[in-house]
Amino acid sequence: MDLELSGKTAVVTGGSKGIGLATVRALLAEGMRVVTGSRTVTPALAETAAVPVTVDLATPEGPVELVERALAELGGIDVVVNNVGIGDTEDINKGLLHNLLDLPDKAWEHTFDLHFYSALRVSRAALPSLVERHGTIVNVSSTGARLAGSGPFDYNAAKAALNALTKVIAEQFGAEGVRAITVSPGPVATGVWTDPDGPIAQLAKQNGVEHQAFADQLLSDFGTTTGRITTPEEVARLIAFAASPNNITGAEYLIDGGIVKNV
């Protein structure tokens with residue numbers, strides 16, 4: 001199916017690995033020109049035709065720099081994919097190992113800078129071009145936003161705020177031709193789950209359980225209907241569809257294997 005994205009431009013945050021890298025590849029395959037921002041340029045990203053920008057998106061200046069460089073490279077922006085997230089293993093594990101009394105303000109601030117404010121700042125900087133070109137913002141959230149009481153709770157709260165940001169953008173800029181959509185994955189086969197030093201592996205070690213056995217048990221505990229984890233490529237295909245010309249805005253698409261069961 002032709003998604004009618006060929007010749008259009010995109011900015012993808014966090015495109016060096018995982019969902020972001022899969023999204024970069026999917027959009028390039030659709031004929032788009034892509035600029036991506038991340039703290040590092042991985043060999044896998046360097047092998048693509050995307051233009052990498054090395055930038056810290058958790059800072060106030062980083063998102064503005066990314067958009068300015070993207071505009072210089074692309075001439076205008078049709079699609080923004082706010083995907084950057086997780087950060088270091090220690091960051092995400094703080095919200096898994098501590099409770100509300102133990103987690104300090106600095107941890108909350110870092111989590112929101114990375115998972116919420118980066119998307120807000122990139123979107124705000126790109127909106128003039130998106131309005132001009134009737135563009136689309138896709139915010140990559142998480143099923144954790146719907147399961148906010150579970151860990152990592154600071155991450156889940158930030159993603160819930162991101163879901164609300166999608167609604168705000170859709171409402172405020174819909175009349176000007178801008179659409180905003182949320183894509184919410186559940187567990188995805190990225191480094192978070194698969195790296196031997198990643199968050200799941202660290203938790204397995206602390207519980208004295210083998211990594212894969214611990215990951216399988218978590219997936220079962222989540223109540224995944226399909227019985228398997230989602231791949232980054234599956235999420236990327238959904239993002240590409242959301243970015244394609246259509247009349248969908250303000251909506252959330254779950255890709256979680258059936259974890260979220262409420263209507």
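Observations on the model:
- Hey, Asp216 open to solvent by 80 Å² or more (accessible area, probe 1.4 Å), of a type in the set (Asp, Glu) and either over 24 Å from Lys17 (Cβ atoms) or not in a helix (DSSP H, G or I) (or both) or not: no
- Out of Val24, Val64, one residue alone is in a helix (DSSP H, G or I), more than 17 Å from the chain's Cα centre (by Cα) and touching a residue at least 24 places away in the same chain (Cβ under 8 Å). It is Val64.
- Scanning the stretch 158-169 turns up one or more residues that are at pLDDT 95 or above, in contact with a Gly (Cβ under 7 Å, 6 or more places away or on another chain) and of a type outside the set (Lys, Arg).
- Residue list for the stretch 20-36, filter: open to solvent by 10 Å² or more (accessible area, probe 1.4 Å), more than 14 Å from Leu74 (Cβ to Cβ) and either in contact with a strand residue (DSSP E or B) (Cβ under 6 Å, 6 or more places away or on another chain) or basic (Lys, Arg) (or both): Arg25
- The stretch 37-57, subset within 26 Å of Asp2 (Cα to Cα) and assigned to a loop (DSSP other than H, G, I, E, B), residue least open to solvent (accessible area, probe 1.4 Å): Ala50
- Of the residues making up the stretch 130-157, those that are touching a helix residue (DSSP H, G or I) at 6+ places or on another chain (Cβ under 7 Å), touching a residue at least 60 places away in the same chain (Cβ under 8 Å) and farther than 19 Å from Asp113 by Cα are Thr136, Leu147.
- For the stretch 58-89, residues that are open to solvent by 70 Å² or more (accessible area, probe 1.4 Å) and among the β-branched types (Val, Ile, Thr) total 0.
- Only one of Ile239, Ile255 that is closer than 20 Å to Leu147 by Cα and touching a strand residue (DSSP E or B) at 6+ places or on another chain (Cβ under 9 Å): Ile255
- A Cβ distance below 6 Å, combined with a sequence gap of six or more or placement on separate chains, defines the contacts here; from the stretch 211-225, residues that are closer than 15 Å to Gly257 by Cβ reach residues that are assigned to a helix (DSSP H, G or I) and of a type outside the set (D, E, K, R) in the pairs Ala215/Trp193; Ala215/Ile200.
- Any hit, the stretch 242-250, residues being in contact (Cβ under 8 Å) with a residue 40 or more places away in the chain, part of a helix (DSSP H, G or I) and open to solvent by less than 40 Å² (accessible area, probe 1.4 Å): yes
- Qualifying residues in the stretch 232-241 (those that are surrounded by 18 or more Cβ atoms within 10 Å (Cβ to Cβ) and out of contact with any helix residue (DSSP H, G or I) (no Cβ under 8 Å at 6 or more places or on another chain)) - the one farthest from Gly135 (Cα to Cα): Leu238
- A count restricted to the stretch 11-67 and to residues that are within 12 Å of Arg121 (Cβ to Cβ) and of a type in the set (S, T, N, Q) stands at 2.
- Residues satisfying the stated conditions in the stretch 251-261, i.e. touching a residue at least 60 places away in the same chain (Cβ under 8 Å) and either open to solvent by 40 Å² or more (accessible area, probe 1.4 Å) or not charged (D, E, K, R) (or both): Ala251, Glu252, Tyr253, Leu254, Ile255, Gly257, Ile259, Val260
The values are calculated or read from the model by the stated rules, or taken from the named source; none is laboratory data. In this text the structure is predicted, and so the values were computed from the model without any measurement. As a convention, Cβ positions derive from the backbone with ideal geometry for all residues, glycine included, and neighbour counts pool all protein chains shown. Ligands, DNA and RNA are stripped out before the accessible areas are found, and what is left, the full protein with its side chains, is counted by its heavy atoms. Shrake-Rupley method; radii C 1.70, N 1.55, O 1.52, S 1.80 Å.
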